[in-house]
Amino acid sequence: MVFLSAFVMPFGVALVRNGAKLLSGDPEAGPRLSQLLVVPAGLSGVAIGSIVAQADLATGGAQNQLAGFITAFLASAAAIALTEARSTKAYLG
């Protein structure tokens with residue numbers, strides 16, 4: 001619970017705050033948001049590798065975890081790509 005309070009909650013607030021600033025046209029919010037999104041992408045990538053290397057993929061629990069981490073990785077990677085795209089930066093100003 002301490003980990004949730006000390007890291008995850010402020011991290012989520014920072015993601016939402018920088019996402020809102022990006023949508024409102026703040027030019028500095030895009031790079032900050034991209035840097036924040038690297039954390040879930042990196043952790044998901046490590047978890048995917050660990051599950052593939054060590055888990056028994058025949059079990060439902062391992063398959064569910066793998067699907068969740070793959071979804072988180074793809075969502076983070078897509079958000080990073082959209083945030084860093086020239087067209088997004090031009091559109092938002």
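The values are calculated or read from the model by the stated rules, or taken from the named source; none is laboratory data. Predicted model, so just to flag it, every value in this text is computed and none were measured. Here Cβ is always computed from backbone atoms with ideal geometry, including for glycine, and neighbour counts include all displayed protein chains. The area values use the complete protein model at the heavy-atom level, side chains included, leaving out ligands, DNA and RNA. Shrake-Rupley method; radii C 1.70, N 1.55, O 1.52, S 1.80 Å.
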To the nearest Å², the heavy-atom accessible area per residue of the chain with 1.4 Å probe amounts to 66
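Rounded to the nearest 0.05, what FRET efficiency is calculated for A85 and V52 with R0 set to 25 Å and r the Cβ-Cβ distance? Spell out each step's value before the answer.
Working: r = 30 Å, r/R0 = 1.19.
So, using R0 = 25 Å, E works out to roughly 0.25.
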Taking protein heavy atoms only, a 1.4 Å probe, and rounding to whole percent, the accessible area of the range 1-74 owed to carbon and sulfur comes out at 72
The extension gain from L4 to Q65, computed as 0.36 nm times the residue separation minus the Cα-Cα distance, is 20.1 nm
Dividing the helical contributions, -39500 (n - 2.57) per DSSP H run of n ≥ 4, by the residues of the chain yields a 222 nm value, nearest 500 deg cm²/dmol, of -26500 deg cm²/dmol
Cα-based Debye curve of the chain sampled at q = 0.12, 0.22 Å⁻¹ gives log₁₀ I(q)/I(0) of -0.47, -1.05
Note on the chain: contact order normalised by length, alpha-carbon pairs under 8 Å, 6 or more apart, percent, works out to 36
